[in-house]
Amino acid sequence: TILTLDFGSQYTHLVTRRLRDLNVYSEMLPCTTKLKDLSWKPKGIILSGGPYSVYEDNAPHCDPAFLKLGIPILGICYGLQELAWTIAKENVTAGTAREYGLAEVVAQRHNSHVDRLFEGLGDTMQVFMSHGDKLSQLPSGFCTIATTRNSPFAGIAHETEPIFAIQWHPEVEHTPRGKDLLRNFVGICGAKQNWTMSNFIEQEISRIRGLVGPTDHVIGAVSGGVDSTVAAKLMQEAIADRFHAVLVDNGVMRLNECQQVKQTLAQHLGINLKIVDGAERFLNGLAGVTEPEQKRKFIGGCFIDLFEEEAVKIEKAQENAPSPGKVKWFLQGTLYPDVIESLSFKGPSATIKSHHNVGGLPQRMIDGQGLKLIEPLRELFKDEVREMGRQLGIHEDLVMRHPFPGPGLAIRILGEVTAERVDIARRADDIYISMIREAGIYNDMSQAYAGLDSSRSVGVMGDKREYGYIVILRAVRTSDFMTAEAYEFDWALLKRITSRIVNEIQGVSRVVYDSTSKPPGTIELE
Ligand code: XMP
């Protein structure tokens with residue numbers, strides 16, 4: 001196992017992800033972790049990037065004991081500054097020229113062990129940089145292994161010990177040979193490349209069993225999406241009928257969705273899903289709310305209220321059962337991108353949106369009162385969850401389903417959510433998605449939906465003026481949902497979809513296609 005100490009970079013999880021791609025298990029722990037609290041011995045340590053400057057008063061520093069273990073260390077970005085700072089403070093200064101974006105790195109060879117990090121990588125590499133500080137001098141005992149136009153010490157290594165540090169991010173896609181560099185580091189560590197998804201499933205199942213205890217029950221939020229379905233299947237494997245799958249109908253689900261999900265889960269996975277009808281309560285609470293964060297917070301809060309009420313009902317219903325237990329846990333299929341965009345280590349990086357399955361939780365749950373959260377997929381990216389789903393025997397159609405957010409159509413309907421507007425968005429979405437499926441392009445895109453603008457526009461229909469709603473069509477391609485490109489639609493198909501929506505849904509006067517990538521847009525409209 002390789003230990004990754006997290007200093008709060010947006011990319012730290014990508015480090016552990018890349019290592020998993022190399023079949024190496026990596027555990028990510030906060031940079032404040034003390035060596036004495038670790039019950040296992042890492043084969044190597046990675047110090048991640050982070051948003052701080054090492055010389056600031058509140059900058060985080062790792063336990064220096066880690067650096068004295070004699071095992072291989074790789075510092076990335078802030079990790080490089082941290083190593084240099086720990087060795088001698090005067091090594092680091094604020095950079096005069098920030099380096100952000102792509103840069104060309106020139107490798108410096110020494111005919112010694114330090115060359116191993118760049119083995120097979122050529123003399124120059126394209127890399128992604130994102131830093132403001134730089135090394136002003138080499139720490140003693142180190143040599144330069146890479147330079148850029150701006151940094152004479154873009155990569156450094158200890159002359160005798162296996163300590164390496166680089167200023168750029170090898171974990172992001174914009175550093176094309178980054179994975180090869182990490183593979184070289186894995187080789188230097190002598191770490192075993194035996195991590196597999198099926199090992200991970202077994203490990204998670206036993207972790208869940210240990211965490212939940214032998215008599216506790218778990219209530220699970222299941223929406224029919226791949227994340228919550230995979231989480232539910234995992235939970236069912238772990239604790240069988242002490243797991244209770246519940247779908248809350250929040251009034252902003254898609255057309256006929258609740259019943260379809262119930263049927264699919266029963267048929268294919270033997271999961272008995274209970275549908276709780278909360279539509280009226282949600283729509284009443286959303287009346288007059290137009291601010292996106294307020295919508296999310298309300299939906300998140302109301303959602304948890306309903307689950308807590310349901311948990312009480314489940315406990316009551318089994319009072320006379322042979323081994324009645326308490327419903328102590330609340331299962332969610334939260335993935336890593338949901339976590340990173342909502343919170344981060346000590347929170348210096350900006351919150352983009354409070355995703356309801358993370359940031360919209362009521363304070364009592366964050367404080368550990370009431371139901372306790374269990375999120376077995378929190379470390380994983382979407383494609384990994386899909387792989388896990390396949391290994392758990394989940395049907396390919398379900399595994400490849402486009403994600404649907406917890407706050408449902410509410411964050412695709414700009415402005416106020418009313419029953420009438422939900423109905424229009426729902427029907428437009430149904431036409432759009434069914435035509436995408438018929439055209440055989442559903443799996444070419446990562447996510448597609450129809451939403452509704454907050455304003456109306458004038459059209460002409462049957463010689464009459466029509467002041468109607470504007471439907472917004474969106475479709476994106478992405479591998480990790482953290483960045484995305486708009487899908488390049490076939491124009492003729494888009495026109496056929498537009499025509500059906502305008503003709504079949506009264507009150508719609510116009511259809512527009514959203515061609516924004518992420519960033520600067522996000523995938524959802526709010
Ligand atoms: P954005 O809009 O942030 O979306 O680019 C990225 C991915 O996250 C999904 N998403 C959510 N999922 N609760 C969820 O369960 C939420 O509040 C939420 N907001 C966005 C979105 O559908 C996309 O797949």
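Read the figures in this text as sums done on the coordinates, not as results from a lab. Fair warning: this is a prediction, and the values are worked out from it, not measured in the lab. Backbone-built Cβ (ideal geometry, glycine too); neighbour counts: all protein chains shown.
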statement: Sorted by chain and then number, the residues having a modelled amide H within less than 5 Å of the amide H of THR4, at least 5 places away or on another chain, are GLU27, MET28, LEU29, ILE46
query: With a ≥ b ≥ c the root eigenvalues of the C-alpha gyration tensor of the range 197-399, is it rounded (a/c under 1.5), prolate (a/b larger than b/c) or oblate?
result: rounded
field: Table column - 3J(HN,Hα) (Hz), the range 145-150, Karplus curve with 6.51, -1.76, 1.60, x for Gly and Pro
entry: 10, 7, 10, 10, 4, 8
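What percent does the relative contact order of the range 128-239 come to when contacts are Cα pairs within less than 8 Å and at least six residues apart?
Values: 93 pairs, mean separation 16.9, N = 112.
Computed over the range 128-239, the figure is 15 percent.
Please pull out the direction-averaged projected area of the chain, using the convex hull of its alpha-carbon atoms, in nm² to one decimal place.
The number I arrive at for the chain is 27.2 nm².
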message: I'd like the distance separating the alpha-carbon centroids of the range 34-50 and the range 389-451, in whole Å.
response: 41
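What pairs in LYS233/LYS274; LYS233/LYS262; LYS41/LYS372; LYS41/LYS192 have C-alpha atoms more than 19 Å from each other?
On the way: LYS233/LYS274 15 Å; LYS233/LYS262 14 Å; LYS41/LYS372 30 Å; LYS41/LYS192 14 Å.
Exceeds cut-off: LYS41/LYS372.
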statement: For the chain the mean separation of alpha carbon contacts under 8 Å (6+ apart) over residue count, i.e. relative contact order in percent, is 11
- prompt: Which peptide among 514-520, 301-307, 21-27 comes first, and what is the full order, when sorted by highest mean count of other Cβ atoms within 10 Å?
  reply: 301-307, 21-27, 514-520
task: Pop out the ³J(HN,Hα) list for the range 443-451 in order, Karplus 6.51 cos²θ - 1.76 cosθ + 1.60 with θ = phi - 60°, rounded to Hz; leave Gly and Pro as x.
output: 7, 7, 10, 8, 7, 9, 6, 10, x
query: In sequence order, what are the phi-derived ³J(HN,Hα) couplings for the range 471-485 according to the Karplus relation 6.51 cos²θ - 1.76 cosθ + 1.60 with θ = phi - 60°, rounded to whole Hz, with x for glycine and proline?
result: 8, 10, 9, 10, 8, 9, 10, 7, 9, 10, 6, 9, 10, 7, 10
- prompt: In whole angstrom, how long is each semi-axis of the equivalent ellipsoid of the range 2-189, when you take the square root of 5 times every eigenvalue of its Cα gyration tensor and sort them from largest down?
  reply: 21, 19, 16
- line: Under the helix-only model (-39500 (n - 2.57) for each DSSP H run of 4 or more, divided by the residues of the chain), the mean residue ellipticity at 222 nm, to 500 deg cm²/dmol, is -9500 deg cm²/dmol
- prompt: Could you give the distance between the Cα centres of the range 226-282 and the range 68-116, to the whole Å?
  reply: 49
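Shape call for the range 465-526 from the C-alpha gyration tensor, a ≥ b ≥ c root eigenvalues: rounded (a/c under 1.5), prolate (a/b greater than b/c) or oblate? The partial results should precede the final answer.
Numbers: a/c = 3.33, a/b = 1.89, b/c = 1.76.
Prolate, because a/c is 1.5 or more and a/b exceeds b/c.
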message: Can you give me the long-range amide H partners of LYS372? Hydrogens built in the peptide plane at 1.01 Å from N, cutoff under 5 Å, separation of 5 or more residues or another chain.
response: TRP329, PHE330
- line: Per-residue Cβ contact counts at 10 Å, fewest first, order ASP277, ASP6 as ASP277, ASP6
- prompt: ALA484's amide H: which non-local residues (gap 5+, or another chain) put their own amide H closer than 5 Å, with H modeled 1.01 Å from N in plane and none for Pro or chain starts?
  reply: LYS518
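In whole percent, what relative contact order does the range 412-513 give with Cα contacts below 8 Å and a gap of six or more residues? Walk me through the numbers before you get to the answer.
Details: 158 pairs, mean separation 29.0, N = 102.
In percent, rounded to a whole number, it is 28.
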